[in-house]
1. Just add up the charged neighbours of Arg231: K/R +1, D/E -1, any other residue whose Cβ is under 12 Å from the Cβ of Arg231.
2. Can you pull out the GluC sites (Glu not before Pro) in the range 1-107 that DSSP calls coil and that have at most 15 other Cβ atoms within 10 Å?
3. Give me, ordered by chain and number, the residues 5 or more places off Ala65 or on other chains with an amide H under 5 Å from its own placed amide H.
4. Each residue of the range 37-44 in turn: what ³J(HN,Hα) in whole Hz from Karplus with 6.51, -1.76, 1.60 and θ = phi - 60°, glycine and Pro shown as x?
5. For Gly174, what charge total do you get from the other residues with a beta carbon under 12 Å from its beta carbon, if Lys and Arg give +1 and Asp and Glu give -1?
6. What whole number of Å gives the distance from the Cα centroid of the range 19-93 to the Cα centroid of the range 1-18?
7. Let me confirm the definition first: pairs of Lys residues in the chain, 8 or more apart or on different chains, C-alpha distance under 20 Å. How many are there?
8. Going by a ≥ b ≥ c, the root eigenvalues of the Cα gyration tensor, does the chain fall in the rounded group (a/c under 1.5), the prolate group (a/b larger than b/c) or the oblate group?
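What follows draws every value from the coordinates through simple rules; no lab data is involved. What you are looking at is a predicted structure, and each value in this text was computed from that prediction instead of being measured. Here the Cβ is made from the backbone with ideal geometry for all residues, glycine too, and neighbour counts use every protein chain on show.
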Amino acid sequence: MEYMEYFLQIYGTLPRAGPGANALTRKAVELMTELPDSPRILDVGCGPGMQTIELLRVTSGTVLALDLIPDMLARVGARAERAGVSGRLETLQQDMNEMSFPPSSFDVVWSEGAIYFLGFEAGLRKVRPFVRPGGYVAVSEAVWLKPDPPPEVVDFWAEYPQIDTVPEKLAVIGRVGYEQVGHFVMPPTAWTENYYGPMEKRIAEKEPDWRGIPTAEAVLREARNEISVFRQYSDYFSYAFFVMQKQC
């Protein structure tokens, strides 16, 4: 198998594709005080769709779940069937770089832990035309919690140099032309309960079968390192949820 196939056997099987929790999804929705009764929502980089289903549960709207990986969309569809909300779900297999929707197509653009694929500022600019005036954008994004992180943490985040402080992220939101509605930092449990906890179990399941396969062992090594960095240095970084509104 190729690297990505091993990678997806770990990361692609988790309840969530990154930090988060249903309670935090609901908290972000509650900040959107001017939603219509049945909002049209675009979930960008939906992954396995835990937040997608929660959006369908807490609103009476429809969700278009967009992801590049067909297996992720299949998992979203299966989850929606089990939850009894599949009638309000659409899925679209597409690279988020290639998104093209008519202006003002959505009341909400949502992206949990995925906007970084575009870059924070570039992603907010990309989706802005898709949101109707008065509509919302809600994203979760990596942030520094305090200065001078140790070298291990700097190395871990080297692949995403746009990680920054909450005030700097808020400055970007204003620069792009949104009105800030609210924001909050995710607690450590958002990383462990549906992400790193299940990941540790998945690593333990795969280790015996993958022993001696260099590509597979590299995936396991990277996953273990990710968990280790978080457990040692979670006071330096987290994800924050940012909710903003398009005024015009």
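1. Here the count lands on -3.
2. Glu2, Glu34
3. Residues meeting the amide H criterion: Asp43, Glu90, Thr91, Leu92.
4. Those phi angles translate into 4, 10, x, 9, 10, 9, 9, 8 Hz.
5. -1
6. Here the two parts' Cα centres lie 21 Å apart.
7. Final tally of qualifying lysine pairs is 6.
8. oblate
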